Structures are given as structure tokens and as C-alpha cells.
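Some notes on the structure that comes next.
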Amino acid sequence: MTTLVFGHKAPDTDSTGSPIIWSWYLNQVQGTQAAARLLGEPNTEAAFMLERWNLDKPEIIADVEPGQPVVIVDTNNPAELPAHINDADIRGIIDHHKLVGGLQTAGPIDIRIEPLACTATIMWKMIGKDMAQAPEAIKGAMLTCILSDTLEFRSPTTTNEDKAVAHDLAKDLGIDISDYAAEMFAAKSDVSAFSDAELIRMDSKEYEVDGTKFRVSVLETTAPDQVLSRKDSLTESMKAVAQEDGVDQVLLFVVDILREEATLLVPNDTVKSVAEKSFDATVTGDTVVLPGVMSRKKQIIPNLKV
């Protein structure tokens, strides 16, 4: 049976590229029949990656069948995975997030979780000398994933290993990192075709703090005004999204990649209180700028207080 490789729901670049990378490795190097899958439509930057490197968009699936062999990448959180993930035959996990717990396996499996900025960096290390036979498209996907997750090395999650791997791949591909990252971020910043609800859910994770359930949404952009000009309608849509998704509040952070800061929309007193307690901020209006805040994983989620 074909092993399905997939990442988290609301797939970003890493959760789109890493399943493609690892399914290539399983098929071509390990001799295991595998196929990449997605748990939703890829974001605009991930779509740019697919087009730029002439990669087929993986099939989108809603759930998995009992006994289906799977490898999970870029998450280990059951809330970000298909509803029946614990009925599948989980064969491996490759991730760079904190260990959440809740996944069940039929037997011992290979797990690789490292404190790096990107799953693709871990895969580069795992593939090792066999990277020599990787086609340009796989190397290009790896480079795109790393530059995306590190925000071209601006994110505080960036490690020297991520940088070294990215520079190695860029040299191999003959790509200028700054020029290529600018193309990526331009693609990521073009959100004109998306509804407010789609924007809110595009790059979001559910997280609970002292009994309060949040959908923590992050929009990384080089053109924050494109998003902030829709502030009023986004604020209204946040209420509907919270109700539809069964959470208490939506937190929407608009990350300005170039200025290295985040703007948090403040639609009510609850979010105002969260902003003030979590980020030592003074909130006087319906937005608050948080200098230096770039990473949900390292700077937002760990600091949330209610």
C-alpha cells in the first residue's frame, strides 16, 4: 500500500514542500512506494514554489482510512491532522515543533524532531549523501521551505544549520538568496484573491491557554498595508470564524517581514488584555504594533496569557 506523506492543515510552504521532498526520498532512494498529500489548499507562496520548480500540486485529502500507512511531517499535533489519524498506520514523524502528544502508533516508529527552523533542513540532514541524486526541483523545494520558515533568516527560530543548508542549496542551484526570497515574499504578500475568512485561516493554529481556545493566525507579508486596509472587515470576520471553528477568540498577527514587527488586530477587550499581558504592550486603539515579533512558534505561542 502506498505510504501517504503529509503535513498540517492550512498548509504553508514547509507543509507543502516537505511531503514532496520526503515522498521523493522514499520512492527513489528507499524503494518505498509513497505519495505526497495536502490537508488543504496551499498558500500563495507554496503555490509559487510549485510553479517555479514545476512540481505537481499534491492531491488534497480530508481524512485517512484505517490502516493507511502515513508519514507525518511539519507537525505532531493531532488537532492539525485528519480526524482519524490514530486509526492510520503511522510509520514516521519528522518535525521541528514542540512535542504535543496524543498520537498513537501500532508499533515502534522512526521519529525525528529537532529544534531547527524548518522541516526541510532536518530532511536534508537525514537524506545525507543521497542528496547528490536529488533533482533540482527537490533542492529548490527545500530551499524555498527554509527561506520561508526563516523569513530569509530574519526569524528568531533560524539556526546556523538552517543558514548553512540554505546557502549550500542556493550555491548548488545557482540562485541568489536575496533575489529569490524577494520573489517568494512578493507571492506570499499578494492576498487580494482571498476572502477575509480564508486569510484568517490561511496560516493558523489552534492553541488553548488556561481554558481559553484561540485560533492564532499569522500573515507574513512585505506589504502589510494590503492586509491592514481590510482591518474592519477582517475584524467582523474574526467573530464568524471563531464561532464556526469552535474557538473563543481569533488572534490575527500581520507580520511585516522587512520591518521585523507584527501588528495585532484588537477587536475587543479580551484581545486587548491578551496583548497587554502577553507582550507588555500598551493598547490604545484597534491595533497594536509589536516590535521584533516575527515567530508564532517562538515569540507568540509561548508568551500568550489570558
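The values are calculated or read from the model by the stated rules, or taken from the named source; none is laboratory data. Note that this is a predicted model, so its numbers are computed, not measured. Cβ sites come from the backbone with ideal geometry, for glycine too, and all protein chains shown count toward neighbours.
Checking every residue in the stretch 103-116 against the condition of being of a type in the set (Asp, Glu), modelled with pLDDT of 95 or more and surrounded by 19 or more Cβ atoms within 10 Å (Cβ to Cβ) gives zero matches. Checked against (1) in a loop (DSSP other than H, G, I, E, B); (2) out of contact with any helix residue (DSSP H, G or I) (no Cβ under 6 Å at 6 or more places or on another chain); (3) among the polar types (S, T, N, Q), Asn27 passes all but a single condition, namely (1).
Could you look through the stretch 283-306, keep only residues that are modelled with pLDDT of 95 or more and polar (S, T, N, Q), and pick out the one that is surrounded by the most Cβ atoms within 10 Å (Cβ to Cβ)? Top of the filtered list is Ser295. In the stretch 47-68, the residues that are surrounded by 13 or more Cβ atoms within 10 Å (Cβ to Cβ) form Cβ pairs under 6 Å with partners that are part of a helix (DSSP H, G or I) and among the hydroxyl-bearing types (Ser, Thr, Tyr), at six or more places apart or across chains, as follows: Met49/Thr13; Met49/Thr144. How about the stretch 65-91: which of its residues are of a type in the set (D, E, K, R), assigned to a loop (DSSP other than H, G, I, E, B) and either at pLDDT below 95 or closer than 25 Å to Leu116 by Cα (or both)? Asp74 - this is the single residue of the stretch 65-91 that is of a type in the set (D, E, K, R), assigned to a loop (DSSP other than H, G, I, E, B) and either at pLDDT below 95 or closer than 25 Å to Leu116 by Cα (or both). Against the test of being out of contact with any helix residue (DSSP H, G or I) (no Cβ under 6 Å at 6 or more places or on another chain) and β-branched (Val, Ile, Thr), the options Val274, Val254, Val293 yield a single qualifying residue, Val274. Would you point out the residue of the stretch 70-91, among those that are crowded, with 19+ Cβ neighbours inside 10 Å and not hydrophobic (A, V, I, L, M, F, W, C), that is farthest from Lys205 (Cα to Cα)? Top of the filtered list is Arg91. In the condition set (1) buried (at least 23 other Cβ atoms within 10 Å of the Cβ); (2) in a strand (DSSP E or B); (3) of a type outside the set (Ser, Thr, Tyr), Leu38 is compliant with all but (1). Count of the stretch 166-188 residues, restricted to those that are in contact with a helix residue (DSSP H, G or I) (Cβ under 8 Å, 6 or more places away or on another chain), under 24 Å from Pro42 (Cα atoms) and either loosely packed, with under 14 Cβ neighbours inside 10 Å or touching a residue at least 60 places away in the same chain (Cβ under 8 Å) (or both), is 5. Every condition in (1) of a type outside the set (Val, Ile, Thr); (2) in contact with a helix residue (DSSP H, G or I) (Cβ under 8 Å, 6 or more places away or on another chain); (3) under 26 Å from Met184 (Cβ atoms) holds for Asn86 except the one numbered (3).
Of all residues in the stretch 139-157, those being surrounded by fewer than 23 Cβ atoms within 10 Å (Cβ to Cβ) and among the β-branched types (Val, Ile, Thr) number 1.
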